[in-house]
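Encoded as C-alpha cells, the structure appears first; notes follow it.
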C-alpha cells in the first residue's frame with residue numbers, strides 16, 4: 001500500500017463509535033509510521049493508528065464503503081446516545097498535513 005496514506009478510510013469494526021474516517025495527518029518513519037484519523041460524522045472522534053494496522057485489509061479499507069446506517073454509525077440510531085466517552089485531544093490532532101489537498105481520497 002502506498003505512503004503517504006489516502007484520505008478516505010473505512011474501519012472493519014467500530015472505532016470510537018464510527019467506521020468512516022478521514023486521514024488528516026501522518027508521520028513517522030519505517031515501522032514507526034502512524035496516521036491521524038478523524039470521523040467523517042463527528043470530528044471529536046479521533047484516532048492515531050499505526051500504519052502497519054492501516055495496511056491490514058482485515059482491519060481497514062481505503063475509501064468509504066457503503067454500509068447500512070445502523071452498521072456505519074450505531075450511536076446515531078439511538079437518540080441522545082454518546083458516540084464515545086473518551087477525551088480525544090491527546091490522541092490526535094486536527095491540523096491537516098501540508099499535502100492534504102494533493103493526496104487522493106482512495107486507491108483506484
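What follows is calculated from the coordinates using simple rules that are stated; it is not laboratory data. If you're wondering where the values come from, they're calculated on a predicted model, not measured in any experiment. Heads up, the Cβs are rebuilt from the backbone with ideal geometry, glycines too, and the neighbour counts pull from every protein chain shown.
Values for this structure:
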read-out: Cβ crowding within 10 Å averaged over residues, with 31-38, 59-66 ranked highest first; value: 31-38, 59-66
read-out: Modelled label reach - residue 101, point 7 Å along Cα→Cβ, the range 18-40 residues with backbone N closer than 17 Å; value: 24-25
read-out: Potential lengthening between residue 65 and residue 3 on full extension [0.36 nm per residue; Cα-Cα distance subtracted]; value: 20.2 nm
